[in-house]
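Below: one structure, written as structure tokens.
The values are calculated or read from the model by the stated rules, or taken from the named source; none is laboratory data. Every value quoted in this text rests on a predicted model; they were computed, and no experiment measured them. Virtual Cβ from ideal backbone geometry, glycine too; neighbours counted across all protein chains shown.
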């Protein structure tokens, strides 16, 4: 937000160096950069607006932020064009005197609104006035005291900073003419850098969103179906005792068993399921958490039949990192394909916590009714089923009142009468009848294993194989699974679809690529309307691939993968890097309109705009630096975006100062007379406005 004010103040300072008065310098300096500042600010707003329409995780993360920043930048433009020049014009005014008596003429404006108070009660009015003057005098004195202390320090810091800047400026101005004489070499090196970074992109990997450091996670252990609760509880206690003294773990909370198999979702409940909540010491970090999960997983080596799953509190509704949907109509083929893929993933060291929805289900007793025989005995399947449920699961017959509580009285068959398949066959299904009928007489009772769950998608049976990732990025995992299935087909008639976070990543990337293209298009439209040219915006857009070079190198050096947060940083770069080129090209065009030849205008424009470009770039870099070093809660999400912006802006600024003048020199073939004539037309349009203002001043 301070970039516009920096450019305006620097232009006013340059006008003062030319000998203009404070007021004239404020007007001339602001007018000189007004078009460039407006264009650069509008391009930044044009970059943020597409983020409002981004879907998926990126939209949830940055939609509100995009609106906030766009509105703030628009207000900063108004401030830089109005308030900043006004304050700058007061810079050279003589210091205001603060006399002892409040009757001094300088205090008369402040006294007007105090007159009603003084007229009502003279003593009170005088007290209020003196209090007001005392506060104002104290504030001014305090400010001047601070200025006396800070000003020498700031002047010393400025002198220290200007020395290397002066050397850099002289080196740049010596390098620029050589670059203009060898455009092929400059553009060849820039193109080679861009192509080289494109080839490095696959090395970065891809993730949906960076992993957040959280202070807890949950471990779920699923033992083979039918495991008694006592055995599940023994395993949970064993894990608690084994890791109770773990230095990275603050506390452990265990739960043995979860619901019953008769619940609505039996796959998430049962006596064979144990859960362990792990609270990390010191708030935890992704590295410490990963080490703790490895130690917990290694403790399960002695339990080969157990399935382990780790889950974290979700900031968003994410799916499993890797979900492979196998689709087909034949349930047997789906089962074989799911088991084969799960075995392939378990054999690969990059995948952990592999689960399949077609693995062995729950043991169950199936009752297959003989409806004709039941009807002959005067029974219906509904009546028989109700009796069996009440005898096996039980029925609340009444409630017992104890003090202020109601206690259910559950009535069911004795344990010995329902402890085995043979015992269930002997259950009486028509209690109270004079001719008792046993269940075996009207139904076949068999012990078997049923499917744990059957998934359907688009009216097609689906088997889902899911896994978490170990030392591998999401994009690499998706490519590896596709390669596995391509080299070793799973089963005939079974199709495959990658879901989970892989699908969310693909959808987010598609939406962000659209936003990226829309941002470039809007930036081009804004610049074309401001420059009244289709060529100069095209020249400025050359800064975008240069920014990609720095962004990729920064991510590679810091080991950050490509994610939706990185894409947001790339979209921000479109607006940030074009600002420097706009400021430079605008000054070059102004000089050419004044009759300066093209090469001289390029060199003089670069010299004149070097300082504001460096200042705005440094301000932006220092602003993103705290985010890049990952400080504070949720910093893991913001750090990749900041690293992307810092790397892209730094490299783009360095290359822009050489590449953009070279591209401008090659593409802009218009004669100097064209710009001179355009400058005369612009001056002619300003003349009436100046005359009108002079007339108003005369009035």
Of all residues in the stretch 422-435 being surrounded by 12 or more Cβ atoms within 10 Å (Cβ to Cβ) and at pLDDT 85 or above, which is farthest from residue 337 (Cα to Cα)? 430
Answer residue from the stretch 35-69, given it is surrounded by fewer than 19 Cβ atoms within 10 Å (Cβ to Cβ) and farther than 30 Å from residue 506 by Cβ and is farthest from the chain's Cα centre (by Cα) among those: 35
Please go through the stretch 167-178 and give me each residue that is over 39 Å from the mean Cα position of the chain (by Cα) and surrounded by 10 or more Cβ atoms within 10 Å (Cβ to Cβ), ordered by number. 167, 170, 171, 173, 175, 177, 178
Here the residues within the stretch 195-220 that are at pLDDT 75 or above, over 20 Å from the mean Cα position of the chain (by Cα) and either surrounded by 15 or more Cβ atoms within 10 Å (Cβ to Cβ) or within 16 Å of residue 641 (Cα to Cα) (or both) are 197, 216, 217, 218, 219, 220
If you go through 604, 600, the only one that is free of Cβ contacts under 8 Å to residues at least 12 places away in the same chain and more than 18 Å from residue 66 (Cα to Cα) is 600
What is the one condition in (1) within 30 Å of residue 442 (Cβ to Cβ); (2) buried (at least 17 other Cβ atoms within 10 Å of the Cβ); (3) touching a residue at least 40 places away in the same chain (Cβ under 8 Å) that residue 354 does not satisfy? (1)
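Quick check on the stretch 477-487. Is at least one of its residues without any contact (Cβ under 8 Å) to a residue 40 or more places away in the chain and not assigned by TED's automatic domain parsing to the domain that holds residue 291? Write out each step before concluding.
Just the residues of the stretch 477-487 that are without any contact (Cβ under 8 Å) to a residue 40 or more places away in the chain, to begin with: 479, 482-483, 486-487.
Still in the running and not assigned by TED's automatic domain parsing to the domain that holds residue 291: none.
No, there is no match, as no residue in the stretch 477-487 is without any contact (Cβ under 8 Å) to a residue 40 or more places away in the chain and not assigned by TED's automatic domain parsing to the domain that holds residue 291.
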A careful count of residues in the stretch 645-673 that are loosely packed, with under 12 Cβ neighbours inside 10 Å and either over 22 Å from residue 185 (Cβ atoms) or modelled with pLDDT of 85 or more (or both) gives 2
Residue check for residue 156: surrounded by 10 or more Cβ atoms within 10 Å (Cβ to Cβ), under 30 Å from residue 608 (Cα atoms) and modelled with pLDDT of 70 or more: yes
So, residue 638, is that one surrounded by fewer than 19 Cβ atoms within 10 Å (Cβ to Cβ) and in contact (Cβ under 8 Å) with a residue 40 or more places away in the chain or not? no
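From 226, 257, grab the single residue that is part of a loop (DSSP other than H, G, I, E, B), in contact (Cβ under 8 Å) with a residue 24 or more places away in the chain and on the phi > 0 side of the Ramachandran plot. Quick ask: steps written out before the conclusion?
Details: 257 fails: part of a loop (DSSP other than H, G, I, E, B).
Being part of a loop (DSSP other than H, G, I, E, B), in contact (Cβ under 8 Å) with a residue 24 or more places away in the chain and on the phi > 0 side of the Ramachandran plot holds for just one of 226, 257, which is 226.
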What residue, of 337, 385, 347, is modelled with pLDDT of 80 or more and either in contact with a helix residue (DSSP H, G or I) (Cβ under 6 Å, 6 or more places away or on another chain) or assigned by TED's automatic domain parsing to the domain that holds residue 440 (or both)? 385
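Of 349, 332, 378, which residue is at positive phi and loosely packed, with under 15 Cβ neighbours inside 10 Å? I'd like the intermediate steps shown before the answer.
Values: 349 fails: at positive phi; 332 fails: at positive phi.
It is 378.
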All strands (runs of 3 or more DSSP E) inside the stretch 452-565 with 3 or more residues being more than 22 Å from the chain's Cα centre (by Cα) and surrounded by 15 or more Cβ atoms within 10 Å (Cβ to Cβ): 460-469
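I'm checking my understanding of the structure. Among residues of the stretch 268-284 that are over 11 Å from residue 219 (Cβ atoms) and surrounded by fewer than 16 Cβ atoms within 10 Å (Cβ to Cβ), which one is modelled with the lowest pLDDT? Break it down stepwise before answering.
First, pick out the residues of the stretch 268-284 that are over 11 Å from residue 219 (Cβ atoms): 268-273, 279-284.
Applying the additional criterion that residues be surrounded by fewer than 16 Cβ atoms within 10 Å (Cβ to Cβ) yields 268, 279, 281-283.
Working: 268: 57, 279: 83, 281: 78, 282: 69, 283: 63.
Checking each candidate, the answer is 268.
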Unmet criterion (only one of (1) under 16 Å from residue 79 (Cα atoms); (2) touching a residue at least 40 places away in the same chain (Cβ under 8 Å); (3) surrounded by fewer than 23 Cβ atoms within 10 Å (Cβ to Cβ)) for residue 31: (2)
All but one of (1) within 30 Å of residue 250 (Cβ to Cβ); (2) surrounded by fewer than 16 Cβ atoms within 10 Å (Cβ to Cβ) hold for residue 189; which doesn't? (1)
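Can you pull out the residues in the stretch 382-399 that are part of a helix (DSSP H, G or I) and more than 21 Å from residue 423 (Cβ to Cβ)? Break it down into steps so the answer makes sense when it comes.
First pass over the stretch 382-399, keeping only residues part of a helix (DSSP H, G or I): 382-392.
Matches in the stretch 382-399: 382 only.
Per-residue answers, yes or no, for (1) over 11 Å from residue 612 (Cβ atoms); (2) touching a residue at least 24 places away in the same chain (Cβ under 8 Å):
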| site | (1), (2) |
| --- | --- |
| 6 | no, yes |
| 22 | yes, yes |
| 36 | no, yes |
| 48 | yes, yes |
| 64 | yes, no |
